[in-house]
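*Asks:* Following this message is one structure expressed as structure tokens.
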Amino acid sequence: MTLLEVTGLNTYYGESHILRDVDINLNKGEMVCLIGRNGVGKTTLLKSIIGLLKPRKGEISFEGNSIIRKRPYQRARSGIAYVPQGREIIPYLTVEENLNLGMEALPGGISKNKGIDPFIFDLFPILQTFLYRKGGDLSGGQQQQLAIGRALLGRPKVLLLDEPTEGIQPSIIQAIESAVKTIISETGISVLLVEQHLHFVRQADRYYAMQRGGIVASGQTKDLSKVVIEKFLSV
Amino acid sequence: MQLIIESLFNGVAIGSVLLVAALGLAIVFGLMGVINLAHGELMMLGAYSTYVTQLLFKQIPMLKPFYDIYVIVAIGIAFIVSGVVGILLERSIIKRLYGSPLETLLATWGVSLILQQFVRSVPLAYGSGVVVALLIALSSPLLLPDDLLAGTKGKFIKAGTWFLSAIAGITTGGILSSLVSKLGRASARNVDVTAPSWMRGGIEVFGTTFPKTRLLIILITLISVVLVSIFLSKSSWGIRIRAVTQNRSMSDCLGISTETVDVLTFGIGSGLAGVAGVAVSLLGSVGPNVGGSYIVGCFMVVVLGGVGNLLGTIIASLSIGVMTDLIGAGRLLTIWPTMPSPLASTIDFFATTSMARVMIFALIVIFLQFRPAGLFPQKGRMVES
């Protein structure tokens, strides 16, 4: 069953044409990875899906409804969670307040949803330790865990993850990787992942390879050949 | 000793007015990066609201027995009046200019001129009518159920609410001008707010007399500051406001309606200007230009205190208030009469209200050379990134 479907998407930054006729789809409970070298438009695609960028042409539908005219907060409330590159933690809010903000996407928002679901602390124990620290004082890896935890508290149907392992020490990469796997198997949400880290890419069910703003290859990750990897991953 | 206490007290009272107004300015500036030059005029509207409330309580037989508490009622009314005008300003002008600070500066300056001329040439009764109309029109989308406002039918209903509120506004204006003749004529002259009898005179403690009006101003400030800080730190909307202030686009992606937050914050910031206006009306006479004499002080408080810092705002406004009183009223000479004569003549030179301001601004400029980010600059890992 297709949960998220992008068809013929064209996005511009000013006059420069970034995304050219992008078609992708994401099924329920599936993990799909976007690969491609730097600057091919992976992040632009995710930003177009969450609504931070307005595409000039094309269609995005979520659960069968067009969301192209919706604002980012409306898309978040309908069940799309976004973990951006660079984490974007709210710096002067405590870890607890940041996590609470994740529940803003639920019906009723933070006024009606109190109390953080403890499964977050099973996934990322470090967050419980630092609950009352300011989000901006955490290290990069801790912020990444906070950003994923925050996104999950909104109980999304689709999680958009933009380079969750970028600039993070290997031990935390493993923690994040296994957490993402646990999330998928336990909650059945779909994940659209942008990633450079080969080991993580291999966890996905399918892949889309991007080049110069378009999708140039796709298929099952288990069929991902050495040639494709060398062409599209900067390893 | 007594002189010093008196001087401190007066300074704190002046600083209190600055504090409430600057708090509103700082919240708005922090959230949207908007420098609202019309903030002083929102204070002026608050001061005029006090005047209108006072007249209503004096002249309408039904309200007459409650004349003594009109000041308390005026605080609420001033908050609403300035808040509503602020929201209209945000929705109609500032919203379209986000990301272009210079244009916003010019536009809000223009609005400040319009507001000044408005109170000069429109009778206050009809001015109140305009506010009533705006209040009804702006709040009706929140009060009516959502499904009533959807689709083409919704557009007609919305137009209908604007029409009805216009009628309500005109009616209010008509009734007010027939009830209170003073409100029915436009006047550019300054008006005076007289305090009710319980607020006149002072309280004597250890031989020093503290005027009751100034005590009330300090009390109003204290309550406003406490309420605002509780609202920002504890309530759901407070968390949303802080989140949008710190990272607008990510807050949007988390499901926060940034537009609603903008409206709410602008309303609260402007409403605080209105509350400050009540205090201004208790300190002196009220005229169309009264805002202009406070707005610069407010900006100085925001710059000196460091943006988005409550403690900094408090210390900055109180110290500017105390210095205004010390220098402007020439109290330094009275406190220290044996001052060497060159120093004494310098201080004497600055001992008028306007020269005191020159002196204070010069001191602030020097201070900012050493601490460009204000008294309490933001610290920590997030500042560098």
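*Asks:* Report the calculated FRET efficiency for A:Gln85 and B:Val365 (r = Cβ-Cβ distance, R0 = 35 Å), to the nearest 0.05.
*Replies:* For R0 = 35 Å, the calculated efficiency reads 0.25.
*Asks:* Taking chain B as the reference, fit the longest principal axis to its C-alpha atoms, fit the long axis of helix B:124-143 to the helix C-alpha atoms, and give the angle between the two in degrees, 0 to 90, nearest 10.
*Replies:* Helix B:124-143 sits at roughly 60 degrees to that axis.
*Asks:* Using only the alpha-carbon atoms, how far is helix B:310-328 inclined from the longest principal axis of chain B? Give it as 0 to 90 degrees, nearest 10.
*Replies:* Roughly 50 degrees between the two axes.
*Asks:* Hey, another quick one. Could you give the spread of the C-alpha atoms of region A:116-187 along their three principal axes, from largest to smallest, in whole angstroms?
*Replies:* 30, 26, 18
*Asks:* What are the ³J(HN,Hα) values, in whole Hz, obtained from phi via the Karplus relation 6.51 cos²θ - 1.76 cosθ + 1.60 with θ = phi - 60°, for each residue of region A:137-145 in sequence order, with x given for Gly and Pro?
*Replies:* Listing the rounded values in order: 8, 6, 6, x, x, 5, 4, 4, 5 Hz.
*Asks:* Would you please give the residues with an amide H less than 5 Å from that of A:Leu93, counting only those at least 5 places away or on a separate chain, with H modeled from the backbone geometry?
*Replies:* Here the answer is A:Gly135, A:Gly136, since their amide H atoms fall under 5 Å of that of A:Leu93.
*Asks:* OK, next. Taking the Cα centre of chain B as the origin and placing charges on Cβ (Lys, Arg +1; Asp, Glu -1), which of B:Ala276, B:Gly46, B:Leu375 is farthest toward the positive end of the dipole?
*Replies:* The residue sitting farthest along the positive end of the dipole is B:Gly46.
*Asks:* So if we plug the beta-carbon distance of A:Tyr13 and A:Val228 into 1/(1 + (r/R0)^6) with R0 = 41 Å, what FRET efficiency do we get, rounded to 0.05?
*Replies:* Efficiency, rounded to the nearest 0.05: 0.90.
*Asks:* On to the next question. Give the percent of DSSP beta bridges with both residues in the protein assembly as shown that are antiparallel, rounded to the nearest 5.
*Replies:* Expressed as a percentage, antiparallel bridges in the protein assembly as shown total about 60.
*Asks:* How far is the Cα center of region A:88-116 from the Cα center of region A:1-34, in Å?
*Replies:* After rounding, the separation between the Cα centres reads 28 Å.
*Asks:* Which whole-number percent gives the relative contact order of chain B, counting Cα pairs below 8 Å spaced six or more residues apart?
*Replies:* Averaging sequence separation for qualifying contacts and normalising by length gives 33 percent for chain B.
*Asks:* Within a 10 angstrom radius of each residue's Cβ in A:87-94, how many Cβ atoms of other chains show up on average? Whole number is fine.
*Replies:* Average neighbour count from other chains, rounded to a whole number: 6.
*Asks:* I've got another one for you. Of all DSSP beta bridges located in region A:2-232, what percent are antiparallel, nearest 5?
*Replies:* Looking only at bridges with both residues in region A:2-232, the antiparallel portion is about 55 percent.
*Asks:* Something else now. Arrange the following residues from fewest to most other Cβ atoms within 10 Å of their Cβ: B:Tyr67, B:Tyr48, A:Tyr132.
*Replies:* Ascending Cβ contact count within 10 Å gives the list A:Tyr132, B:Tyr67, B:Tyr48.
*Asks:* By how many degrees, 0 to 90 and rounded to 10, does the Cα axis of helix B:212-234 deviate from the longest principal axis of chain B?
*Replies:* 60 degrees
*Asks:* Using just the helices of chain A, give the 222 nm mean residue ellipticity in deg cm²/dmol: DSSP H runs with n ≥ 4 each add -39,500 (n - 2.57), and the total is spread over all residues, rounded to 500.
*Replies:* -9500 deg cm²/dmol
*Asks:* Can you pull out the trypsin sites (Lys or Arg not before Pro) in region B:160-230 whose DSSP state is coil and whose Cβ has at most 16 other Cβ atoms within 10 Å?
*Replies:* B:Arg185, B:Arg189, B:Arg200
*Asks:* Can you list, largest first and rounded to whole Å, the semi-axes you get for region B:307-349 by taking the square root of 5 times each eigenvalue of its Cα gyration tensor?
*Replies:* Computed over region B:307-349, the values are 29, 9, 8 Å.
*Asks:* Could you tell me which residue out of A:Gln85, B:Leu219, B:Phe79 lies farthest along the dipole of the protein assembly as shown toward its positive end? Charges go on the beta carbon: Lys and Arg +1, Asp and Glu -1, centred on the Cα centre.
*Replies:* Ranked along the dipole, the leading option is B:Phe79.
*Asks:* Still on this structure, I have one more. When the dipole is taken about the Cα centre of chain A, and only Lys, Arg (+1) and Asp, Glu (-1) are charged at their Cβ, what size is it in debye, to the nearest 20?
*Replies:* The dipole of chain A has a size of about 540 debye.
*Asks:* Separate question: Please name whichever of B:Ser187, B:Trp162, B:Thr245 sits farthest to the positive end of the charge dipole of region B:148-298, dipole taken about the Cα centre and charges placed at Cβ: Lys and Arg +1, Asp and Glu -1.
*Replies:* Of the listed residues, the answer is B:Trp162.
*Asks:* Just to check I understand the Karplus step: with θ = phi - 60° and J = 6.51 cos²θ - 1.76 cosθ + 1.60, what whole-Hz values come out for region A:114-130, glycine and proline as x?
*Replies:* 3J(HN,Hα) across region A:114-130, in whole Hz: 10, x, 7, 4, x, 4, 4, 6, 5, 5, 10, x, 4, 5, 5, 4, 9.
*Asks:* Would you calculate, for chain B, the mean residue ellipticity at 222 nm contributed by helices, counting each DSSP H stretch of 4 or more residues as -39,500 (n - 2.57) and dividing by all residues, to the nearest 500?
*Replies:* -24500 deg cm²/dmol
*Asks:* What is the distance in Å between the Cα centroid of region B:289-345 and that of region B:66-123?
*Replies:* If you average the Cα positions of each part, the centres end up 26 Å apart.
*Asks:* Something else: Based on Cβ point charges of +1 for Lys and Arg and -1 for Asp and Glu, what charge dipole magnitude is obtained for chain B about its Cα centre, in debye rounded to the nearest 20?
*Replies:* I would put it at about 380 debye.
*Asks:* Could I ask something else about it? Take every Cα-Cα pair in the protein assembly as shown and report what % of them are more than 34 Å apart.
*Replies:* Distances greater than 34 Å cover 53 percent of the Cα pairs.
*Asks:* Compute the Cα gyration tensor for region B:251-385, then decide on rounded, prolate or oblate, letting a ≥ b ≥ c be the square roots of its eigenvalues: rounded whenever a/c is under 1.5, prolate when a/b is larger than b/c in the other cases, and oblate in all that remain.
*Replies:* Taking the square roots of the gyration eigenvalues as a ≥ b ≥ c, region B:251-385 is oblate.
*Asks:* Rg to Rh ratio, region B:125-201, alpha-carbon atoms and Kirkwood radius?
*Replies:* With Rh from the inverse mean 1/r over Cα pairs, Rg/Rh is 1.21.
*Asks:* Short version: ³J(HN,Hα) in whole Hz for each residue of region B:176-181, in order, from phi by Karplus 6.51 cos²θ - 1.76 cosθ + 1.60 (θ = phi - 60°), x for Gly and Pro, what are they?
*Replies:* Values per residue, Gly and Pro as x: 4, 6, 7, 6, 10, 5 Hz.
*Asks:* A follow-up question, please. Across peptide B:243-249, how many C-beta atoms of other chains are within 10 Å of each residue C-beta, on average?
*Replies:* Average per residue, whole number: 5.
*Asks:* With charges only on Cβ, +1 for K and R and -1 for D and E, what is the dipole size of the protein assembly as shown about its Cα centre, in debye, rounded to 20?
*Replies:* Once rounded to the nearest 20, the dipole reads 860 debye.
*Asks:* Please tell me the relative contact order of region B:247-385 in percent, rounded to the nearest whole number, where contacts are Cα pairs under 8 Å and at least six residues apart.
*Replies:* Over region B:247-385, the number comes to 22 percent.
*Asks:* Sticking with this one: How about region A:76-139: which trypsin sites (Lys or Arg not before Pro) there lie in a loop by DSSP and see at most 12 other Cβ atoms within 10 Å?
*Replies:* A:Lys114
*Asks:* Output the Kirkwood hydrodynamic radius of chain B, Cα pairs only, in Å rounded to one decimal.
*Replies:* It works out to 22.3 Å.
*Asks:* Let me ask something else about it. Counting each pair of different Cα atoms once, what's the Kirkwood radius of region A:2-232 in Å, rounded to one decimal?
*Replies:* Here the Kirkwood hydrodynamic radius works out to 17.9 Å.
*Asks:* Write out the chymotrypsin sites (Phe, Trp or Tyr not before Pro) in region B:191-290 meeting two conditions: DSSP loop, and at most 15 other Cβ atoms within 10 Å of their Cβ.
*Replies:* Passing sites in region B:191-290 are B:Phe206.
Laboratory data are not the source of any read-out in this text; all were calculated from the coordinates shown. Remember, it's a predicted structure, so these values are computed and weren't measured experimentally. For neighbour counting, all protein chains shown are included, and Cβ atoms are generated from backbone atoms with ideal geometry for every residue, glycine included.
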